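So the structure is just underneath, and the comments pick up after that.
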Amino acid sequence: MVDDRRDEEVVVNDSCIGCGACVAICDQIFDLNDEWKAYVIEWADIQNCDCLDDAIWACPVEAIEKK
Ligand code: SF4
């Protein structure tokens with residue numbers, strides 16, 4: 001099933017401090033960019049991921065938002 005809105009369902013806001021916790025916990029969804037800010041991988045399968053909630057919980061600055 002193609003879901004071209006999936007990248008709108010989880011966002012990393014400007015609070016990210018680049019600690020890498022979300023990437024360590026859920027590297028199918030998150031990666032760090034050149035500025036050490038996390039982003040949601042474009043092709044991430046958010047619908048079927050079971051580590052997203054753990055990553056959200058682990059973020060020390062509540063930078064990951066589910067829409
Ligand atoms: S856990 Fe939060 S602060 Fe750390 S890299 Fe991920 S989004 Fe950024």
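Laboratory data are not the source of any read-out in this text; all were calculated from the coordinates shown. If you're wondering where the values come from, they're calculated on a predicted model, not measured in any experiment. Virtual Cβ from ideal backbone geometry, glycine too; neighbours counted across all protein chains shown.
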Cysteines, the chain, no other Cys beta-carbon under 4.7 Å: C16, C19, C22, C49, C59
FRET efficiency, 1/(1 + (r/R0)^6) with R0 22 Å, evaluated for E62 and D34 via beta carbons: 0.40
For the chain, calculated [θ]222 nm from helices alone, where every DSSP H run of n ≥ 4 adds -39500 (n - 2.57): -4000 deg cm²/dmol
Residues in the range 42-62 that a label on A24 would reach, taking backbone N under 17 Å of a point 7 Å out along Cα→Cβ: 51-62
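Taking 1 over the mean of 1/r across every pair of different Cα atoms in the range 10-66, what Kirkwood radius in Å do you get?
Numbers: mean 1/r = 0.0918 Å⁻¹.
It works out to 10.9 Å.
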Length-normalised contact order of the range 10-66 in % [C-alpha pairs under 8 Å, at least 6 apart]: 46 percent
